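A short reminder: the numbers here are calculations on the coordinates, not readings from a lab. Quick caveat: nothing in here was measured; it's all calculated off a predicted structure. All Cβ positions, even for glycine, are placed from backbone atoms using ideal geometry, and neighbour counts span all protein chains on display.
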Amino acid sequence: MKNSHWYSQLKKPSWSPPSWLFGPVWTLLYIVIAISFGKVFVLAWQAQVPPLVALPFGLNLIFNLSFTSLQFGLKNNLLAALDIILILATLIWAILAIYPYSLGLAAAQIPYLLWVSFATVLQLTITRLNR
């Protein structure tokens, strides 16, 4: 509760979505991420794709799971901004890495890519507004 209060006090752009939207969106995205990333890891384990194809997916998970701690635990907008840039970069890398092997797995990342692109612009804006 204390951390959500901190976030609610930050300056945000007028186009920032309501706080209640983040939970449902991330829940749906995490379901897609779990299934599709899991499939990539299984394909790599079974040597149906080169092991390096799984690397950006693993890094993306690490960066994604770090975001909440950086933003709400440390209350550090700058580190959260750097982290979300890494989330976006590794997601693009992951899509490009899996595309030659599975158009379906690459396409499954599009909703995640759209949300993370929006979230990146939002986080960078919030970071700038709260310097």
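General remarks:
- Of all residue pairs spaced 6 or more apart or on separate chains, those with beta-carbon atoms under 7 Å, a first member in region 23-52 that is outside any helix (DSSP H, G or I) and a second member that is of a type in the set (F, W, Y) are V49/Y101.
- Condition check for I110: exposed (fewer than 15 other Cβ atoms within 10 Å of the Cβ) and β-branched (V, I, T): yes
- Just one of (1) surrounded by fewer than 17 Cβ atoms within 10 Å (Cβ to Cβ); (2) free of Cβ contacts under 8 Å to residues at least 24 places away in the same chain fails for W6. It is (2).
- Count of region 67-85 residues which are at negative phi and surrounded by fewer than 17 Cβ atoms within 10 Å (Cβ to Cβ): 10
- Matching residues in region 16-75 - criterion: being over 17 Å from I126 (Cβ atoms), among the aromatic types (F, W, Y) and more than 15 Å from the chain's Cα centre (by Cα): W20, F41, W45
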